[in-house]
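Participant: Here you go, one structure.
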Amino acid sequence: MDENQVYLFTDMEYNEAKIQRVIEETHLLDIIEPGQKVVIKPNFVQEKHDNSDDWDYVITHPVVMTAVIKAVCKKLENNGEIIIADAPMTPTRFDTLIQHFPVQDWRLLCDENGIAFQLIDLRDEEWFNASNGIILKSQKLPGDPLGKVMCNLKDEASEFWGKQTGSQGFYGADYDIKETNNAHNGSDNWYSVSKTVISADVFINVPKLKAHKKAGMTCCLKNLIGINTNKNLLPHHSTGTPAEGGDQFDNSESSRKLESAVTVYAKKIVHCCKFLTPLLVPLKNIAIKVWGDNRKSVRSGGWYGNDTLWRTIVDLNKVMYYANQDGSLREDSMDMRKKYIAIVDGILAGEGNGPLAPDKVEAGFLLAGSNPVAVDCVAAWAMGFDYQKIPSVCKAFDCKKYKLVDFTYDSIICYLNHNQGTSIGNLPKNVIKYFKAANGWVGHIENNN
């Protein structure tokens, strides 16, 4: 199958047999050979919705995962290895998360087929937060049993090449801002990623389709955030207001400048004096009353002007495709990339303030392809979004080094429910579900054609 070809199935339900059948009918899994190591990467972002006990439109559904695993087992022909691996949000309780999934059934299925099986939490540590998100303590985790790969996309190899930031630089995942900025210093761009993922013969990406506060949408490209082992090496936004060279906020009002300065100062103090961390809990509650909570106010790069996160997303896809186990890069040729398959769970999907607090959409979509950019373009169209307004997708066409595509948007061919392939622009518009965008993207991401 050519990489510019994408399958879009509509009116799908969580019927395991049907999902397995349509996956097999695409012949995407024909690249799998007996004896290979196949890594399957779901979206295990966290155990449930931020504001309820719902989970089936937040994470990849177990029925989709089971269908994929069964299809892969058939291709391996009693010889090989299947590994389910992801790095959820750092406060996620992995034991609680996997209770949603029939892990023992997967293990038994693989054992019956002579296939080795592993389920791996790739995170190096887990956080314990207060209810308002303050990191109170952390504990080390075993992480990837094969260890990590430190990969440096230096200079022009990275999408951060030439990126300007404010005086405070990038913000990653925790209070150690220095660690993030040392990793991305204008020349070096270090990523700590799973050696299990890098050593795979075939990588199968099984994301959940959702709107996303910081990236616009999350599908194949964004799901690669979960191959990393240290989230603080991932720039999520540039600190400060737009007038200060940052993209933390969507405006440069004096109140935002004050909030940025206070936040940076408080986090620096707590990072140096961790015993003061509990003091942030009441201070955060006061800050919410003064500046508004995240459900109503745009902060932390949660808007269409975020010029940072897309670079992290595209870089991680380069690392997945081109990195060797010693951290070096393969030859800069698309023929040298890792074997890749994408199968997207958009049957129950998320709109609004995803990825952690979306509203449910009964979209009925299942997408499949062999290139994340092509699949994300079709997914964006099906959501009613314009790919040109989603930086992580449109910028992925423009990589100068370690390219992700060798085709154009107009040359993408979509097979709708196995019908004859056609360009995205010729797909019937009654398929589109018109997802509600996240707050900071409303009016800026929608496809108006």
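Participant: Just wondering, is there one or more residues in region 301-310 that are hydroxyl-bearing (Ser, Thr, Tyr), touching a helix residue (DSSP H, G or I) at 6+ places or on another chain (Cβ under 7 Å), modelled with pLDDT of 95 or more and within 29 Å of His444 (Cβ to Cβ)?
Facilitator: Checked region 301-310: at least one residue is hydroxyl-bearing (Ser, Thr, Tyr), touching a helix residue (DSSP H, G or I) at 6+ places or on another chain (Cβ under 7 Å), modelled with pLDDT of 95 or more and within 29 Å of His444 (Cβ to Cβ).
Participant: Considering only residues of region 396-427 that are polar (S, T, N, Q) and not in a loop (DSSP other than H, G, I, E, B), which is surrounded by the fewest Cβ atoms within 10 Å (Cβ to Cβ)? Break it down stepwise before answering.
Facilitator: We begin by selecting, within region 396-427, every residue polar (S, T, N, Q); these are 408, 411, 417, 419-420, 422-423, 426.
Now narrow it down to the ones that are not in a loop (DSSP other than H, G, I, E, B): 411, 422-423, 426.
Numbers: Ser411: 14, Thr422: 14, Ser423: 12, Asn426: 9.
Taking the candidates together, the pick is Asn426.
Participant: Something else about it: Take the conditions surrounded by 14 or more Cβ atoms within 10 Å (Cβ to Cβ), touching a helix residue (DSSP H, G or I) at 6+ places or on another chain (Cβ under 9 Å), of a type in the set (A, V, I, L, M, F, W, C) and farther than 26 Å from Pro391 by Cα and apply them to Ile98. Does it pass?
Facilitator: no
Participant: So which residues in region 104-125 are more than 16 Å from Val193 (Cα to Cα) and among the aliphatic types (A, V, I, L, M)?
Facilitator: Scanning region 104-125 gives Leu108, Leu109, Ile115, Ala116, Leu119.
Participant: Taking region 11-48 as the region of interest, how many residues are more than 25 Å from Ser194 (Cα to Cα), crowded, with 17+ Cβ neighbours inside 10 Å and among the polar types (S, T, N, Q)?
Facilitator: Result for region 11-48: 2.
Participant: Take the residues in region 101-119 that are farther than 25 Å from Gly369 by Cα, touching a helix residue (DSSP H, G or I) at 6+ places or on another chain (Cβ under 8 Å) and among the hydrophobic types (A, V, I, L, M, F, W, C), then tell me which one is surrounded by the most Cβ atoms within 10 Å (Cβ to Cβ). Step through it out loud before you land on a result.
Facilitator: Filtering region 101-119 down to residues farther than 25 Å from Gly369 by Cα leaves 102-105, 107-109, 111-114, 116.
From what's left, touching a helix residue (DSSP H, G or I) at 6+ places or on another chain (Cβ under 8 Å): 102, 105, 109, 113, 116.
Then keep just the ones that are among the hydrophobic types (A, V, I, L, M, F, W, C); that gives 109, 116.
Numbers: Leu109: 17, Ala116: 13.
Checking each candidate, the answer is Leu109.
Participant: Which of the numbered conditions does Ser187 fail, given that it passes all the others? Conditions: (1) in a loop (DSSP other than H, G, I, E, B); (2) buried (at least 23 other Cβ atoms within 10 Å of the Cβ); (3) of a type outside the set (A, V, I, L, M, F, W, C).
Facilitator: (2)
Participant: With respect to Lys214, is the statement that it is assigned to a loop (DSSP other than H, G, I, E, B), buried (at least 24 other Cβ atoms within 10 Å of the Cβ), under 22 Å from the mean Cα position of the chain (by Cα) and basic (Lys, Arg) true?
Facilitator: It is true that Lys214 is assigned to a loop (DSSP other than H, G, I, E, B), buried (at least 24 other Cβ atoms within 10 Å of the Cβ), under 22 Å from the mean Cα position of the chain (by Cα) and basic (Lys, Arg).
Participant: If you don't mind, another one. Phe160 is checked against (1) under 18 Å from Asn228 (Cα atoms); (2) surrounded by fewer than 16 Cβ atoms within 10 Å (Cβ to Cβ) and fails just one. What number does that condition carry?
Facilitator: For Phe160, the failing item is (2).
Participant: Please go through region 157-184 and pick out each residue that is modelled with pLDDT of 95 or more, assigned to a loop (DSSP other than H, G, I, E, B) and not acidic (Asp, Glu).
Facilitator: Ser158, Phe160, Trp161
Participant: Continuing with the same structure: Find the helices (runs of 4 or more DSSP H) located wholly in region 1-100 whose residues include 1 or more that are under 23 Å from His212 (Cα atoms) and of a type outside the set (S, T, N, Q), and list them.
Facilitator: By residue number, 62-76, 94-97.
Participant: Under 9 Å between Cβ atoms, at least 6 apart or on separate chains: pull out the pairs that start in region 390-403 with a residue that is closer than 12 Å to Cys377 by Cβ and free of Cβ contacts under 8 Å to residues at least 40 places away in the same chain and end on any residue that is among the aromatic types (Phe, Trp, Tyr) and surrounded by fewer than 18 Cβ atoms within 10 Å (Cβ to Cβ).
Facilitator: Phe397/Phe407
Participant: Follow-up question, since we're still on this one. Does region 71-92 contain any residue that is surrounded by 20 or more Cβ atoms within 10 Å (Cβ to Cβ), of a type in the set (S, T, N, Q) and touching a helix residue (DSSP H, G or I) at 6+ places or on another chain (Cβ under 9 Å)?
Facilitator: Checked against the condition, which is being surrounded by 20 or more Cβ atoms within 10 Å (Cβ to Cβ), of a type in the set (S, T, N, Q) and touching a helix residue (DSSP H, G or I) at 6+ places or on another chain (Cβ under 9 Å), region 71-92 yields at least one hit.
Participant: Counting just the residues of region 430-449 that are closer than 21 Å to Lys360 by Cα and out of contact with any Gly (no Cβ under 9 Å at 6 or more places or on another chain), which one comes out surrounded by the most Cβ atoms within 10 Å (Cβ to Cβ)?
Facilitator: Result: Val431.
Participant: Considering each of Lys48, Lys137, Lys41 in turn, give the residue that is modelled with pLDDT under 95 and touching a Phe, Trp or Tyr at 6+ places or on another chain (Cβ under 8 Å).
Facilitator: Result: Lys137 is the single residue among Lys48, Lys137, Lys41 that is modelled with pLDDT under 95 and touching a Phe, Trp or Tyr at 6+ places or on another chain (Cβ under 8 Å).
Participant: Looking at region 87-132 only, could you name the residues that are at pLDDT below 95 and among the polar types (S, T, N, Q)?
Facilitator: Result: Thr90, Thr92, Asn129, Ser131, Asn132.
Participant: In region 49-61, how many residues are touching a residue at least 24 places away in the same chain (Cβ under 8 Å) and surrounded by fewer than 21 Cβ atoms within 10 Å (Cβ to Cβ)?
Facilitator: 6
The values are calculated or read from the model by the stated rules, or taken from the named source; none is laboratory data. Since this is a predicted model, take the numbers as computed values, not measurements. Methodologically, a virtual Cβ is constructed for each residue, glycine included, from the backbone with ideal geometry; neighbour enumeration extends over all protein chains shown.
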